[in-house]
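Engineer: One structure, as structure tokens, below. Some questions next.
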Amino acid sequence: MKKQRQVTPDSADTPAAALERRIGYQFRDPALLQLALTHSSLAFEQAEPAGTPNRTCDDNEQLEFLGDAVAGLLITELLCRQFPERREGDLTRMRALLVSGKRLSEAAIRLRLGEALHLGRGEESTGGRQRASVLADAVEALVAAMYLDAGKAGLQQARTFVEQELFLPHLEELRSAAQQGVRFGGVIGDWKSALQELLQARDGGQPQYRTVEELGSDHNKQFRVEVLLRDEVLGEGRGASKKAAQQEAAHRAYDRLSPGQAADQPA
């Protein structure tokens, strides 16, 4: 049973307390959570004398190191359970995608983790609360903090968090790609890479992208793009940039070619 601590009016509304509610876990040792949220920039600024190298126990870098290992272990376990038929190479690539900085930072954004970070003035002034690398590191530190805080149940608590925040949001994409025989060379959500791997696995085809229309003013552009295979239009997408429109076109084409979709279904 989770140990409860007294919540005062002041502590109830802190960013750390709000984060605990979002992740569904209340820390037994609040100092451990604070450490996980403390960036090295703040520890450096507060070092005595000022600006001297600080101890590793003053910031979240060591927790980040531990959290990387814990998250990797738990993602590996989840992948082996969900994809028992996949070989080591595919599982390794899948794990790398799920614990990539991009996916970790996306989880941090969903959890509004940046609001609770303790940053130095310089890091704060240059957008550290939104910086992908800072957010990704903080997620790993948070995993380690839960692992250490929960005692004997620490691994289970970390597993719950990793499964909910890092694994399940991408499970359907992984399953869909696995059904298609994709080798997971592209990043999850990179539909251009996913479509290319799908087509190459089938017949070695190479998709081509064609911009067919540009709409709007220079400050409000909209692009319409088609993706083709041997002159056949597989999908169409729109976006504020050619890159975004290409991704949307590839996504539509991928969905069209996925199992359960009619062969002649329009994109």
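The values are calculated or read from the model by the stated rules, or taken from the named source; none is laboratory data. Every value quoted in this text rests on a predicted model; they were computed, and no experiment measured them. Cβ placement follows ideal geometry from the backbone for every residue including glycine, while neighbour counts extend to all protein chains displayed.
Engineer: For the range 212-231, name all the residues that are over 14 Å from TYR254 (Cα atoms) and part of a strand (DSSP E or B). Walk me through how you get there before you give the answer.
Structural biologist: Filtering the range 212-231 down to residues over 14 Å from TYR254 (Cα atoms) leaves 212-225, 230-231.
Residues satisfying the conditions are VAL212, GLU213, GLU214, LEU215, GLN222, PHE223, ARG224, VAL225.
Engineer: While we're on this one: Any residue at all in the range 149-158 that is closer than 30 Å to GLY237 by Cβ and either aliphatic (A, V, I, L, M) or not assigned by TED's automatic domain parsing to the domain that holds ASP231 (or both)? Give the derivation first.
Structural biologist: Looking only at the range 149-158, we keep the residues that are closer than 30 Å to GLY237 by Cβ, and these are none.
No, the range 149-158 has no match at all.
Engineer: Moving to a separate point now. Checking PHE184 against (1) closer than 23 Å to ARG81 by Cβ; (2) at pLDDT 95 or above; (3) of a type in the set (Phe, Trp, Tyr), which single condition isn't satisfied?
Structural biologist: With respect to (1) closer than 23 Å to ARG81 by Cβ; (2) at pLDDT 95 or above; (3) of a type in the set (Phe, Trp, Tyr), PHE184 is out only on (2).
Engineer: State yes or no: is ALA194 touching a Gly at 6+ places or on another chain (Cβ under 6 Å), in a helix (DSSP H, G or I), within 23 Å of LYS242 (Cα to Cα) and in contact (Cβ under 8 Å) with a residue 12 or more places away in the chain? Steps first, please.
Structural biologist: Values: touching a Gly at 6+ places or on another chain (Cβ under 6 Å): yes; in a helix (DSSP H, G or I): yes; within 23 Å of LYS242 (Cα to Cα): yes; in contact (Cβ under 8 Å) with a residue 12 or more places away in the chain: yes.
Judged against the criteria, ALA194 is a match.
Engineer: Say we look at the range 32-83 and pick out the residues that are part of a loop (DSSP other than H, G, I, E, B) and acidic (Asp, Glu); which of these is modelled with the lowest pLDDT?
Structural biologist: Start the filter on the range 32-83 by keeping residues that are part of a loop (DSSP other than H, G, I, E, B), which leaves 37, 39, 47-55, 59-60, 83.
Then keep just the ones that are acidic (Asp, Glu); that gives 48, 59.
Details: GLU48: 56, ASP59: 92.
Step by step, filter the range 32-83, then rank; the result is GLU48.
Engineer: If we scan the range 107-116, do we find a residue that is surrounded by 19 or more Cβ atoms within 10 Å (Cβ to Cβ), under 19 Å from ASP190 (Cβ atoms) and in contact with a helix residue (DSSP H, G or I) (Cβ under 8 Å, 6 or more places away or on another chain)?
Structural biologist: Within the range 107-116 (the criterion being surrounded by 19 or more Cβ atoms within 10 Å (Cβ to Cβ), under 19 Å from ASP190 (Cβ atoms) and in contact with a helix residue (DSSP H, G or I) (Cβ under 8 Å, 6 or more places away or on another chain)), the answer is yes, since at least one residue qualifies.
Engineer: Considering the range 75-103 alone, what residues qualify as being under 16 Å from SER176 (Cα atoms) and among the aliphatic types (A, V, I, L, M)?
Structural biologist: LEU79, LEU91, MET94, LEU97, LEU98
Here is a yes/no grid of residues against (1) touching a residue at least 24 places away in the same chain (Cβ under 8 Å); (2) assigned by TED's automatic domain parsing to the domain that holds GLN62; (3) touching a Gly at 6+ places or on another chain (Cβ under 8 Å); (4) not aliphatic (A, V, I, L, M):
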{"site": "THR92", "(1), (2), (3), (4)": "no, yes, no, yes"}
{"site": "LYS102", "(1), (2), (3), (4)": "yes, yes, no, yes"}
{"site": "ALA108", "(1), (2), (3), (4)": "yes, yes, yes, no"}
{"site": "LEU113", "(1), (2), (3), (4)": "yes, yes, no, no"}
{"site": "HIS118", "(1), (2), (3), (4)": "yes, yes, no, yes"}
{"site": "SER125", "(1), (2), (3), (4)": "no, yes, no, yes"}
{"site": "SER133", "(1), (2), (3), (4)": "yes, yes, yes, yes"}
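Engineer: Testing ALA263 on (1) surrounded by 15 or more Cβ atoms within 10 Å (Cβ to Cβ); (2) of a type in the set (A, V, I, L, M); (3) at pLDDT below 75, one condition comes back false. Which one is that?
Structural biologist: Answer for ALA263: the failing condition is (1).
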